[in-house]
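The values are calculated or read from the model by the stated rules, or taken from the named source; none is laboratory data. This one's a predicted model, so the numbers in the text were calculated from it and none came from an experiment. Positions of Cβ are backbone-derived with ideal geometry, glycine not excepted, and every protein chain shown enters the neighbour counts.
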Ligand code: PLP
């Protein structure tokens with residue numbers, strides 16, 4: 001979504017609210033859960049830490065992040081960890097450090113492509129395996145990389161998202177394994193963005209590329225999604241225990257030293273606590289997972305009930321409906337031909353704010369949208385906390401009302 005489209009949407013939202021009309025804000029990817037008091041206390045205690053810290057992060061936070069990954073079947077030493085002010089700048093620094101062209105799944109989170117463009121290169125987009133999300137199809141990636149190299153381009157990196165924003169899907173073990181084999185064959189570095197990892201709805205082994213391509217996989221995480229602390233700006237990268245990993249880490253450290261110096265020390269102190277997985281916080285993340293899972297599945301059902309193609313969400317807090325089966329009706333009734341047309345009708349006629357699929361690199365004619373379901377959890381912290389603590393979040397009156405409202409509006413859209 002361009003800035004101007006965002007501003008136009010904001011104005012439309014303000015105008016609707018001023019006219020006393022409802023707005024259902026399902027556009028922005030914030031986790032929508034208040035901060036845990038134990039984390040606030042940690043942060044407050046560390047407010048006196050006003051110095052710049054070591055570029056890679058404090059020993060305390062790097063050790064805690066290493067423990068976080070080790071407990072998640074990715075054995076890690078503190079020396080392999082580098083912290084940053086959120087994972088977004090780390091992802092940018094990684095693209096910069098690897099150099100060359102980046103391969104992205106289509107669709108993929110907006111900022112990977114924007115970061116590639118900031119570095120002066122258009123990404124190479126490769127469709128995801130049918131019905132999946134977050135990783136490029138391995139066979140198509142082989143073709144795309146060979147073609148790109150034959151045309152004089154220099155692909156060196158593939159970025160994957162597990163589980164995925166925007167599709168809400170977790171790539172299958174088979175797809176990740178094949179992706180890893182292809183990356184090794186093509187000599188691509190893999191960046192595995194695992195920021196939503198703690199928010200996978202089902203138990204089971206997690207298909208991290210670090211399992212099948214440990215020598216070439218850099219993994220990133222942050223507190224922004226599992227703990228809903230995007231504004232705290234703290235994230236971490238785990239570099240592989242290999243010569244490539246050491247080289248990349250050194251280059252990223254150099255970039256970090258010129259861009260952000262060090263991740264903020266008070267945040268590192270709070271993050272060290274979170275990454276040590278204390279029982280109180282593990283419970284909190286479990287509740288968040290239950291809430292996201294319940295609402296994402298309910299929202300997917302609402303879209304399916306009016307005739308959209310929509311896959312069952314598997315993690316995070318996004319739903320990715322495709323309105324292709326309703327194409328003729330939408331064109332006739334509203335003149336909708338692209339995802340952006342659809343987003344405009346949803347906003348101006350129904351007060352539903354979502355993001356068009358082409359913002360994530362999808363074909364504009366695909367009629368896809370990304371729905372961030374956290375906008376349904378409540379209008380204020382007390383509603384959101386009640387939803388978080390509830391065994392059955394769908395029973396919360398405001399959540400039920402939002403879901404009913406969404407269903408009624410979508411019925412009217414496709415009628
Ligand atoms: N990666 C993905 C897939 C995201 O959705 C986001 C946030 O929206 C980020 C990374 C960036 O998170 P942060 O910079 O807060 O760590």
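Total residues in the stretch 153-168 satisfying the condition of being away from the ligand (no atom under 13 Å from the Cβ) and part of a loop (DSSP other than H, G, I, E, B): the figure is 2.
Applying the selection to the stretch 177-199, what residues are in contact with a helix residue (DSSP H, G or I) (Cβ under 6 Å, 6 or more places away or on another chain) and without any contact (Cβ under 8 Å) to a residue 60 or more places away in the chain? Break it down stepwise before answering.
At the first step, the residues of the stretch 177-199 found to be in contact with a helix residue (DSSP H, G or I) (Cβ under 6 Å, 6 or more places away or on another chain) are 178-180, 182, 186, 189-192, 195, 198-199.
Passing the criteria: 178, 179, 180, 182, 186, 190, 192.
Restricting attention to the stretch 169-206 and to residues that are within 16 Å of the ligand (Cβ to nearest atom) and part of a loop (DSSP other than H, G, I, E, B), the residue that is farthest from residue 104 (Cα to Cα) turns out to be 206. Applying the condition of being near the ligand (Cβ under 10 Å from one of its atoms) and under 21 Å from residue 97 (Cβ atoms) to the stretch 227-240 and asking which residue is surrounded by the most Cβ atoms within 10 Å (Cβ to Cβ) yields 236. Against the conditions (1) within 12 Å of the ligand (Cβ to nearest atom); (2) out of contact with any helix residue (DSSP H, G or I) (no Cβ under 6 Å at 6 or more places or on another chain); (3) closer than 15 Å to residue 190 by Cβ, where does residue 98 fall short? Just the number, please. Status for residue 98: all satisfied but (1). The set of residues in the stretch 310-325 that are closer than 16 Å to residue 32 by Cβ and part of a loop (DSSP other than H, G, I, E, B) comprises 313, 316, 317.
Annotation for the stretch 347-369: no member residue is within 24 Å of residue 12 (Cα to Cα), surrounded by 19 or more Cβ atoms within 10 Å (Cβ to Cβ), out of contact with any strand residue (DSSP E or B) (no Cβ under 9 Å at 6 or more places or on another chain) and in contact (Cβ under 8 Å) with a residue 12 or more places away in the chain. For the stretch 51-65, the criterion of being within 16 Å of the ligand (Cβ to nearest atom), within 30 Å of residue 370 (Cβ to Cβ), modelled with pLDDT of 95 or more and part of a loop (DSSP other than H, G, I, E, B) is met by none of the residues.
Table: residues versus (1) crowded, with 19+ Cβ neighbours inside 10 Å; (2) modelled with pLDDT under 95; (3) farther than 30 Å from residue 185 by Cα; (4) away from the ligand (no atom under 16 Å from the Cβ).
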| position | (1), (2), (3), (4) |
| --- | --- |
| 214 | no, no, no, yes |
| 248 | yes, no, no, yes |
| 263 | yes, no, yes, no |
| 282 | no, no, yes, yes |
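In this structure, is residue 76 buried (at least 20 other Cβ atoms within 10 Å of the Cβ), over 26 Å from residue 111 (Cα atoms) and either at pLDDT 95 or above or touching a strand residue (DSSP E or B) at 6+ places or on another chain (Cβ under 9 Å) (or both)? Yes; evaluated as a whole, the condition is true for this residue.
Residues in the stretch 368-395 that are under 21 Å from residue 300 (Cβ atoms) and assigned to a helix (DSSP H, G or I): 373, 374, 375, 376, 384, 387, 388, 393, 394, 395.
Of note, residue 32 satisfies the criterion of being in contact with a helix residue (DSSP H, G or I) (Cβ under 9 Å, 6 or more places away or on another chain) and either buried (at least 19 other Cβ atoms within 10 Å of the Cβ) or under 23 Å from residue 111 (Cα atoms) (or both). On inspection, residue 145 does not qualify as away from the ligand (no atom under 11 Å from the Cβ) and outside any helix (DSSP H, G or I). Could you tell me which of the residues 20, 29 is in contact with a strand residue (DSSP E or B) (Cβ under 6 Å, 6 or more places away or on another chain) and outside any helix (DSSP H, G or I)? Result: 29 is the single residue among 20, 29 that is in contact with a strand residue (DSSP E or B) (Cβ under 6 Å, 6 or more places away or on another chain) and outside any helix (DSSP H, G or I). The single condition among (1) more than 19 Å from the chain's Cα centre (by Cα); (2) in contact (Cβ under 8 Å) with a residue 12 or more places away in the chain; (3) on the phi > 0 side of the Ramachandran plot that residue 32 does not meet is (1). Among the residues examined, residue 224 qualifies as within 26 Å of residue 281 (Cα to Cα), surrounded by 22 or more Cβ atoms within 10 Å (Cβ to Cβ) and within 15 Å of the chain's Cα centre (by Cα). Filter the stretch 101-139 down to the residues that are within 16 Å of the ligand (Cβ to nearest atom) and free of Cβ contacts under 8 Å to residues at least 24 places away in the same chain, then identify the one that is surrounded by the fewest Cβ atoms within 10 Å (Cβ to Cβ). Here the answer is 114.
Here's the yes/no breakdown for (1) modelled with pLDDT of 95 or more; (2) within 16 Å of the ligand (Cβ to nearest atom):
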residue: 298; (1), (2): yes, no
residue: 307; (1), (2): yes, no
residue: 314; (1), (2): yes, yes
residue: 359; (1), (2): no, yes
residue: 371; (1), (2): yes, yes
residue: 379; (1), (2): no, no
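Selection over the stretch 200-212 of residues that are crowded, with 21+ Cβ neighbours inside 10 Å and in contact with a helix residue (DSSP H, G or I) (Cβ under 8 Å, 6 or more places away or on another chain) gives a count of 3.
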